[in-house]
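Visitor: Got a structure for you, questions after.
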Amino acid sequence: MKPEVISATLIKMVNHKYLRKLLAKKVDNYVYKSIVNDDSEDLQQVRLKRYQFLSAMLHCVIRNVDKGSISKEVIKKIIDVLVQNNLMEGDQSYDQAVEKFKENYGEPPPSFIVFSPTQKCNLKCVGCYASSAANTPATVPYSYVDRVVSEVHDCWGSRFITISGGEPFMYKSEGKTLLDIYQKYNDMFFLVYTNGTLIDEEVAECLAKSPNVTPAISVEGFEKETDQRRGAGTHKKILNAFECLRQAGVPFGISATATSKNTDILLTDEFYDFYFEKQGACYMWQFQLMPIGRGKDEINLMVNPQKRLQLYRKWEKLLSEKKYCIADFWNSGVLTRGCIAYGRSGGYAYVDWNGNVTPCAFIPYYVDNIYDLYNNGKTLSDAMFSDFMKNGRKWQNEYGLDNWKKPKNWLMPCSIRDHYEIFRNSVLPKNARPEDEKAREALESDEYFEVLKNYDKELEGLTEKIWENEYLNV
Ligand code: SF4
């Protein structure tokens with residue numbers, strides 16, 4: 001099926017209530033056949049998980065279209081931007097940009113960036129990575145934000161950007177907000193991580209008018225856990241944001257950081273039923289707290305390997321049985337053929353509020369900075385070819401990207417969290433600088449090194465057999 005036909009079928013499915021179920025089944029079958037039945041590339045179980053994820057995404061969207069909480073116009077835009085231009089790579093300007101990039105650099109560009117243009121935030125969450133220099137929060141000037149987005153759009157052919165923070169709805173510079181960026185690049189799709197407390201009726205209406213944005217709102221659990229970490233009254237504001245977004249027809253998701261404190265809630269069905277069924281979330285991104293710094297409190301907040309494995313099993317069930325569209329940066333490595341950092345093709349790089357370019361939002365070390373790059377006639381693309389980025393991609397290739405039929409264990413895909421010793425010895429170059437004081441402390445702490453090394457050993461012991469029995473030998 002050609003991208004145009006898929007696109008037309010999806011649009012028909014949205015418009016015609018009575019045909020919806022039938023067409024959804026047709027699309028689901030097509031996705032199954034094209035992913036699971038094609039055994040030329042990945043392991044069978046890897047293909048199956050990828051199908052289950054896309055199938056769950058389809059189900060979650062249909063569920064909310066049925067309920068009337070996503071507007072048809074927004075869905076059409078998503079289909080145009082995400083399905084036709086991006087996922088199916090049916091856009092000529094995409095092909096041209098990739099070819100030109102390959103001519104210049106010898107390999108394809110990254111697929112997107114995660115960008116945190118401001119460190120400003122209206123909350124003070126316990127353990128937040130953005131809050132360490134809270135007195136003078138940094139903000140990237142609008143002209144530089146525009147330049148970065150334009151480079152990603154024109155030179156990488158990318159039509160997708162993730163915005164993080166700080167709180168993106170606090171961003172203001174040169175009389176502009178990020179809404180100006182969303183409107184200017186209206187053929188791109190923006191996933192925006194937000195605490196949700198600034199989304200009211202007016203903001204939701206604005207988002208509905210530029211329907212290329214979906215907010216992913218952070219929760220820690222239910223009201224008690226969310227307010228404990230994010231401040232009293234936060235959860236009520238989040239529920240109000242959900243209501244405003246439903247009224248305006250804007251699809252939204254949630255994001256949750258798993259810690260040793262809330263894992264038990266994240267292992268219950270109630271948590272997911274509440275946000276997906278009752279509140280109308282279309283997707284959920286899960287993160288597991290990555291401790292940075294030598295602070296014992298923070299290290300103790302890390303989810304231990306046994307609990308991580310339980311979360312992996314939970315994720316499998318939620319995807320296949322409940323059809324909730326959920327991905328976890330550490331447990332869902334099979335969806336993306338492992339780590340997606342270091343500007344690899346199909347992956348991304350991160351730009352923080354100081355303009356530092358790091359391989360991933362969870363790797364707080366950098367070599368390049370966008371101000372230095374642009375002021376010296378260079379580009380963000382050039383930053384993808386530092387030793388740091390190249391070492392990371394070499395590791396990714398050796399780990400599994402070069403051999404999809406027999407990759408190493410993608411249940412522990414993370415270069416920094418799951419392979420810390422290798423990260424320190426072979427990936428992180430001497431000229432890499434820490435993003436902040438905590439990142440420096442982590443680098444200098446023998447204890448931190450030992451904790452992560454032991455974590456990795458334990459995780460390997462728990463997952464290696466599963467990888468062999470449930471993926472390699474099936
Ligand atoms: S470095 Fe870790 S967290 Fe970052 S993309 Fe790779 S696997 Fe994910």
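Visitor: Considering (1) away from the ligand (no atom under 16 Å from the Cβ); (2) closer than 20 Å to L443 by Cα; (3) of a type outside the set (S, T, Y); (4) in contact with a helix residue (DSSP H, G or I) (Cβ under 8 Å, 6 or more places away or on another chain), say which one D387 fails and leave the rest.
Guide: (4)
Visitor: What pairs can you find where one residue is in the stretch 218-242 and farther than 17 Å from V192 by Cβ, the other is surrounded by fewer than 22 Cβ atoms within 10 Å (Cβ to Cβ) and among the acidic types (D, E), and their Cβ atoms are less than 8 Å apart, with a gap of 6+ or different chains?
Guide: G233/D227; T234/D227; H235/E223; H235/D227; K236/E223; N240/D200
Visitor: Here's another thing I want to ask about it. If the Cβ limit is 6 Å and pairs must be 6+ apart or interchain, which residue in the stretch 279-293 that is closer than 17 Å to L311 by Cα and assigned to a loop (DSSP other than H, G, I, E, B) pairs with which residue that is among the aromatic types (F, W, Y) and within 16 Å of the ligand (Cβ to nearest atom)?
Guide: Here the result reads M290/F362, each pair linking the stretch 279-293 to a residue that is among the aromatic types (F, W, Y) and within 16 Å of the ligand (Cβ to nearest atom).
Visitor: Is there any pair with a first residue in the stretch 108-120 that is under 13 Å from P141 (Cα atoms) and touching a residue at least 12 places away in the same chain (Cβ under 8 Å) and a second that is among the β-branched types (V, I, T) and assigned to a loop (DSSP other than H, G, I, E, B) whose Cβ atoms are under 7 Å apart and which are 6 or more apart or on different chains, and what are they?
Guide: Close Cβ pairs satisfying both conditions: P117/V140.
Visitor: Another question about this same structure. Can you tell me which condition N409 does not meet? The list is (1) buried (at least 18 other Cβ atoms within 10 Å of the Cβ); (2) modelled with pLDDT of 95 or more; (3) away from the ligand (no atom under 14 Å from the Cβ), and all the others hold.
Guide: The one condition N409 does not meet is (3).
Visitor: Still on this structure, please answer the following. For the structure I just gave you, tell me whether R313 is outside any helix (DSSP H, G or I), surrounded by fewer than 20 Cβ atoms within 10 Å (Cβ to Cβ) and not assigned by TED's automatic domain parsing to the domain that holds D446.
Guide: no
Visitor: Looking at the stretch 291-350, which of the residues that are of a type in the set (S, T, N, Q) and within 16 Å of the ligand (Cβ to nearest atom) is farthest from the chain's Cα centre (by Cα)?
Guide: By that ranking, first place goes to S345.
Visitor: Turning to a different aspect of this structure: For the stretch 361-381, what are the residues that are crowded, with 23+ Cβ neighbours inside 10 Å and either at pLDDT below 95 or near the ligand (Cβ under 8 Å from one of its atoms) (or both)?
Guide: Correct list: I363 only.
Visitor: While we're on this one: Does Y342 qualify as being surrounded by fewer than 23 Cβ atoms within 10 Å (Cβ to Cβ) and of a type in the set (F, W, Y)?
Guide: No; evaluated as a whole, the condition is false for this residue.
Visitor: What's the number of the condition F169 fails, among (1) outside any loop (DSSP other than H, G, I, E, B); (2) under 26 Å from Q96 (Cβ atoms); (3) in contact with a Pro (Cβ under 9 Å, 6 or more places away or on another chain)?
Guide: Here F169 clears every test but (2).
Visitor: OK, next. Under 9 Å by Cβ, and 6 or more places apart or on different chains, what pairs join a residue from the stretch 373-397 that is closer than 16 Å to N356 by Cβ with one that is among the small types (G, A, S) and surrounded by fewer than 15 Cβ atoms within 10 Å (Cβ to Cβ)?
Guide: From the stretch 373-397, no pairs qualify.
Visitor: Let me ask something else about it. Could you tell me whether the stretch 159-169 includes any residue that is surrounded by 24 or more Cβ atoms within 10 Å (Cβ to Cβ), more than 26 Å from C128 (Cβ to Cβ) and assigned by TED's automatic domain parsing to the domain that holds S255?
Guide: yes
Visitor: Still on this structure, I have one more. Residues in the stretch 167-188: is at least one β-branched (V, I, T) and in contact with a strand residue (DSSP E or B) (Cβ under 7 Å, 6 or more places away or on another chain)?
Guide: No - not one qualifying residue is present in the stretch 167-188.
Visitor: Another question, if that's okay. Here is a list of conditions, (1) outside any loop (DSSP other than H, G, I, E, B); (2) at positive phi, and G221 meets all of them except one; can you say which number that is?
Guide: G221 satisfies all of (1) outside any loop (DSSP other than H, G, I, E, B); (2) at positive phi except (1).
Visitor: Give the residues of the stretch 358-367 that are over 19 Å from the mean Cα position of the chain (by Cα) and either under 16 Å from P110 (Cα atoms) or in the same structural domain as K390 (by TED's automatic domain parsing) (or both), sorted by residue number.
Guide: none
The values are calculated or read from the model by the stated rules, or taken from the named source; none is laboratory data. Remember, it's a predicted structure, so these values are computed and weren't measured experimentally. Positions of Cβ are generated from backbone atoms using ideal geometry, with glycine treated the same way; all protein chains shown enter the neighbour counts.
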